[in-house]
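Below: the structure, in structure tokens.
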Amino acid sequence: MKKDTLKVTIRGPLRDLWRFISHISERRRIFRHSSAERPGEKHSIRLRESLHPEVQYLLVDKIQAENDSTNSYTLIPDTSQPGSISIAAFSAGQYLSVEVQLESGLRISRPYSISNSPEEARRDNAYVITIKTGKNSFIPEEMVKNWEVGTALKVSDPWGQFYHNPLRDTEHLVFIAGGSGITPFRSMVSDILSNQENISIVLVQGAAVPEELLFSDFFLNMEQSNPGRFKWIPVLSETTDTEGIIKHTVLTGFINGVILADAMNSRESSLFICGPQAMHSYIDKELVKANLKTKMIRRENYGIPGSPSGKEPVKITVKMAGSTHIISADRDETVLVALERGGLNPPSRCRTGSCGWCRGSLLKGKTRYDKEPEGLRSADRNAGYFHPCAAKPESNLVVDIPANPGINTDK
Amino acid sequence: MNSETVADDSPEVVVIGSGLGGLCAAYELSKKGIRVLVLERHNLPGGFSTSFVRGRFEFETSLHELGGASAYEYLKNDDFQLEFKKVPEAYRLLLTENGTDFLAPFGIKEFSDAIIKAVPGSEGPVKDFMKVCEESFNAFTYLGDNSPPDPRLLFKKYGNFIRTGAAVTDEVADAVKLPQAARDLIYPYWCYLGVATDKVSFSLWASMIYSYLNFGAYIPKGRSHAFSVSFARAITEAGGEIRYNAEVSKLNTAEGRVNGVTLNSGETINCPHIVSNVSPHHVFGNLIDPAQVPSKAYKMVNARKPGFSFFVVFLGLDADRETLGLTDYSYFIAPHMDTTRLVESLKNRHDPNPMQATICLNAADESASPQGTTILSITAGTDPKAWEDIDPWDYPRAKEEFADLLIRQFEKATGTEIRSHIEEIETASPETFSRYTAAWDGTVYGYEPAPWDGIIPRVLADNKERFFKGLQFCGGNASRTYGFGSSMLSGKTAAEKTIAEMNS
């Protein structure tokens, strides 16, 4: 048989033809016999909604002073809100974005790492976040000063990639914290020591003075009850006088290559670093100087630095949800902060350029990044999209910014 | 507040959802000067067609390869400025139970020759099978270009297409006496449709494999996110508007026609024409007031079976692919190629031997990740139901376990060692897809194309299955079925139909 006369039949030519014609009416028959019920919610939706609720309504349940400028706040579900029964699950090291209304009426949100472990949080149905305030702090003091037991908060679902993964990380972990950057490690140390038997951790905790070594009792206790698995190295930069405050050997100075080499102990290590941007840069240099090779470094930092310079301000024309707004901005603050000052309530989560939640489109003008944001997609970069939380204005701008979908909206 | 507010013009067409179908529809409409407003609940365009960054790696969320000429030609459009890389081979198949290791080349002749060489005596059946596939593909092309078609020409020229048009793939393989060993080598593409070969519409299957094998496949630079931003840019440049973080909570109707949408924020936008990239399940089930939905619409939705979903492990590796021994672009790894049993295994996320489709972007595009690194993504099908018993607090561990299993399976089948090279790892489950795209039940593929719900019945029934005037559907649940090219081009069809309705 020649190829071009190939004749394939399934049930015989006529029956195949009839079948072809009737498979259209087959469709109608199947529709006729199917259910006329309205289709209901399904499985993955349930899991999605419990893991990633659009907003969590929480109440401050307890306030515990950690030192003069730092409090831990216990947050529980506000059961007066419909559907608000349980807190959303998280991985140790993740953060919550918390919305606050300032006295000026502006609403802003800031990310805070969760400091209790998933086990503790699940048991208590409560998150603990630990917040340092003060003039050099990333957190505007005004944000939390009025919080008291019973204060109602709107909080995001848990976010962030700053967590341990046994498929990726080494069996020896080195955690490096600067100042209030210790908060995710409180959760991670607790979680890993109780659930991952083969993992050992060295925590290097940097602070200025002994009072700023947050959770020192907890880490002392963990070190005593996990010999060989957990080592705590507190490092103070401004004082060596720890008499009566810390019952532990304390190193002095900055977290340098010698301390890091000791923490890594010649073992292949995954490093987790959390703290101010200046500490990240310092540690990067020390690692190079000491010729220390790491399996990988994961970072969490607290916001893009920048303060008003008072230089000639720029004008930003903002297109948002079908409206156009014109605001004024300082050249040394991020576009995101300018949008917040302008009362536009823009979306934000990580505030370090990595998560992309604030993504917008730069239609006209020029911005600069102190450091190229890690999370920017290549096609976005090429097509003029930007991350306002990391970008500072260089000229007058025209931008298109999505309205805030979740925690900053009043529904 | 030192700002001024200016209200903009009301839209002529609202597009709900900015998946590729919605974007393509909005692009086609705005290009013709029609005022379009796209409403997207997420903060990014593209739905599944996007990417994400971890450390120094940018991962592709869903596209394995863009196959077939029509989507590729469409995207070569000057408005888009996209750059493509050719995928080197069709696939490498590793069947662990019988030790099959088969490299399938692109090109109908090359592919057929490779099968015939691997399965002695299969020449006649393999050639016949590929010939019927070609005829189905050509018939679809004819039907796409000629509406209404000439029945006499259709029967005369495309007789095999007609006779196999209501059949499933196994029936045609039986009819040409295709040996089992040859089926094992030809069937792996089943996973791009996600329906077993004893259930899938042959004409759709045939057209799919023919277009892949005959034309080859490509990936874009900048991941499929580049498709989405290109469309988004072209839409805004043509005067259209896209609003992100704008979830539609209601589709408003009166007297059998649509008249607008209401957003989660409470804002109502009036508009007589709507293109929905959102599934009919969601539109009829959740968005339209139940008092307005005819029971026929519910029956239609309930009769159709949403396709399955995926579990994906995204790996950024700290060595180049030569060092790792990753020679190929696309790996299909399975215990066997009995597609019915493979589909069955999707219901159990603890099945020790699932099928995985794994791609190494660097094999098509060396610059896909920084020098000295490699991107590998492992995909396994999974039924959303397989995730319903998970306690949210145990979810991270459940993902770790599935990822661990797939990495072990890959290493064992390929004889490579990748675990110690993992620098970045991320996973996606049906929950993840549900979260980012709001696809019904976290499914990735649209309604299953059984013969009665294949392209031909969908196209022929389209006008009878419209329950509201002014409403068109596009995307993976629409008439062309799913996949990147089909979902996207369904937007073009929806735009054409909307324009016809506007002019009538």
Exercise. Here are some conditions: (1) in a loop (DSSP other than H, G, I, E, B); (2) of a type in the set (A, V, I, L, M, F, W, C); (3) surrounded by fewer than 24 Cβ atoms within 10 Å (Cβ to Cβ). A:L214 meets all but one. Which one does it not meet?
Worked result: (3)
Problem set entry | Test set (1) surrounded by fewer than 24 Cβ atoms within 10 Å (Cβ to Cβ); (2) outside any loop (DSSP other than H, G, I, E, B); (3) over 23 Å from the mean Cα position of the chain (by Cα); (4) within 14 Å of another protein chain (Cβ to nearest Cβ) - B:N138 fails condition number | (3)
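Of the residues that sit in the range A:51-63 and are modelled with pLDDT of 90 or more and within 14 Å of chain B (Cβ to nearest Cβ), which one is surrounded by the most Cβ atoms within 10 Å (Cβ to Cβ)?
If we take residues in the range A:51-63 being modelled with pLDDT of 90 or more and within 14 Å of chain B (Cβ to nearest Cβ), then A:Q56 is surrounded by the most Cβ atoms within 10 Å (Cβ to Cβ).
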For this session: Exactly one condition in (1) within 14 Å of chain A (Cβ to nearest Cβ); (2) touching a residue at least 40 places away in the same chain (Cβ under 8 Å); (3) closer than 26 Å to B:T443 by Cα; (4) of a type in the set (A, V, I, L, M) is not met by B:L82; state its number.
Result: (3)
Problem set entry | Out of B:L44, B:L37, B:L20, B:L29, sole residue that is in contact with a strand residue (DSSP E or B) (Cβ under 8 Å, 6 or more places away or on another chain), under 24 Å from A:G360 (Cα atoms) and within 11 Å of another protein chain (Cβ to nearest Cβ) | B:L37
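Provide a single number: the residues in the range B:246-256 that are at the interface with another protein chain (Cβ under 8 Å from one of its Cβ atoms) and either over 24 Å from B:S279 (Cβ atoms) or crowded, with 24+ Cβ neighbours inside 10 Å (or both).
1
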Problem set entry | Candidates B:S230, B:S207, B:S276, filtered to the one that is modelled with pLDDT under 95 and among the small types (G, A, S) | B:S207
Exercise. How many residues does the range B:364-414 hold that are assigned to a helix (DSSP H, G or I), open to solvent by 20 Å² or more (accessible area, probe 1.4 Å) and within 13 Å of another protein chain (Cβ to nearest Cβ)?
Worked result: 14
Exercise. Can you find even one residue in the range A:341-359 that is within 24 Å of B:T236 (Cα to Cα), modelled with pLDDT of 95 or more, at the interface with chain B (Cβ under 10 Å from one of its Cβ atoms) and not in a loop (DSSP other than H, G, I, E, B)?
Worked result: no
Problem set entry | Every pair of residues 6+ apart whose Cβ atoms lie under 8 Å, when the first sits in the range A:26-44 and is more than 7 Å from chain B (Cβ to nearest Cβ) and within 15 Å of B:D289 (Cα to Cα) while the second is surrounded by 15 or more Cβ atoms within 10 Å (Cβ to Cβ) and modelled with pLDDT of 90 or more | A:G40/B:G285
Problem set entry | Conditions (1) modelled with pLDDT under 95; (2) more than 9 Å from chain A (Cβ to nearest Cβ); (3) more than 29 Å from B:P430 (Cβ to Cβ): number failed by B:E267 | (2)
For this session: Kindly indicate the residue of the range A:217-232 that is in a helix (DSSP H, G or I) and not hydrophobic (A, V, I, L, M, F, W, C) and also most open to solvent (accessible area, probe 1.4 Å) among those meeting that condition.
Result: A:Q224
For this session: Would you confirm whether any residue within the range B:38-57 is under 19 Å from B:G491 (Cα atoms), over 25 Å from the mean Cα position of the chain (by Cα), open to solvent by 30 Å² or more (accessible area, probe 1.4 Å) and assigned by TED's automatic domain parsing to the domain that holds B:N259?
Result: no
For this session: Go through the range B:62-79 and count every residue that is within 14 Å of chain A (Cβ to nearest Cβ) and open to solvent by 30 Å² or more (accessible area, probe 1.4 Å).
Result: 1
Problem set entry | Qualifying residues in the range A:376-390 (those that are closer than 18 Å to A:D330 by Cα and in contact with a Lys or Arg (Cβ under 7 Å, 6 or more places away or on another chain)) - the one modelled with the highest pLDDT | A:H387
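Taking B:F129, is it within 14 Å of another protein chain (Cβ to nearest Cβ), open to solvent by less than 40 Å² (accessible area, probe 1.4 Å), in contact with a helix residue (DSSP H, G or I) (Cβ under 8 Å, 6 or more places away or on another chain) and farther than 18 Å from A:F20 by Cβ?
Yes: the conditions hold for B:F129.
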Exercise. Filter the range B:152-201 for residues that are in a helix (DSSP H, G or I) and in contact with a strand residue (DSSP E or B) (Cβ under 6 Å, 6 or more places away or on another chain); which is farthest from the other protein chains (Cβ to nearest Cβ)?
Worked result: B:P188
For this session: Return yes when B:S434 is touching an Asp or Glu at 6+ places or on another chain (Cβ under 9 Å), more than 29 Å from B:T374 (Cβ to Cβ) and open to solvent by 20 Å² or more (accessible area, probe 1.4 Å) and no when it is not.
Result: no
Exercise. Taking A:K311, is it more than 14 Å from every other protein chain (Cβ to nearest Cβ), at pLDDT 95 or above, out of contact with any Pro (no Cβ under 7 Å at 6 or more places or on another chain) and more than 28 Å from B:I422 (Cβ to Cβ)?
Worked result: no
For this session: Within the range B:450-478, work out how many residues are touching a residue at least 24 places away in the same chain (Cβ under 8 Å), charged (D, E, K, R) and more than 9 Å from chain A (Cβ to nearest Cβ).
Result: 1
Exercise. Right, B:Y187: buried (at least 22 other Cβ atoms within 10 Å of the Cβ), within 30 Å of B:V312 (Cβ to Cβ) and among the aromatic types (F, W, Y) or not?
Worked result: yes
Problem set entry | Answer residue from the range A:104-153, given it is more than 20 Å from the chain's Cα centre (by Cα), small (G, A, S) and modelled with pLDDT of 85 or more and is nearest to A:A338 (Cα to Cα) among those | A:A152
For this session: Return the pairs, sorted by first residue and then second, in which the second residue is part of a strand (DSSP E or B), the first residue lies in the range B:233-260 and is at positive phi, the beta carbons are less than 7 Å apart, and the residues are 6+ apart or on different chains.
Result: B:G256/B:K469; B:G260/B:N252; B:G260/B:T268; B:G260/B:I269; B:G260/B:N270
Exercise. Which of (1) closer than 27 Å to B:D391 by Cβ; (2) more than 9 Å from chain B (Cβ to nearest Cβ); (3) basic (K, R) does A:R107 not meet, given it meets every other one?
Worked result: (1)
Exercise. Applying the selection to the range B:446-479, what residues are open to solvent by 30 Å² or more (accessible area, probe 1.4 Å) and in a loop (DSSP other than H, G, I, E, B)?
Worked result: B:E448, B:R466, B:F467, B:N477
Exercise. Limited to the range A:214-233, what total is found for residues that are of a type in the set (G, A, S) and within 17 Å of A:I255 (Cβ to Cβ)?
Worked result: 1
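The values are calculated or read from the model by the stated rules, or taken from the named source; none is laboratory data. All of these numbers come straight from a predicted model, not from anything done at the bench. Cβ atoms come from the backbone with ideal geometry, glycine included; neighbour counts cover every protein chain shown. Calculation scope for accessible area: heavy atoms of the full protein, side chains included, ligands and nucleic acids excluded. Shrake-Rupley method; radii C 1.70, N 1.55, O 1.52, S 1.80 Å.
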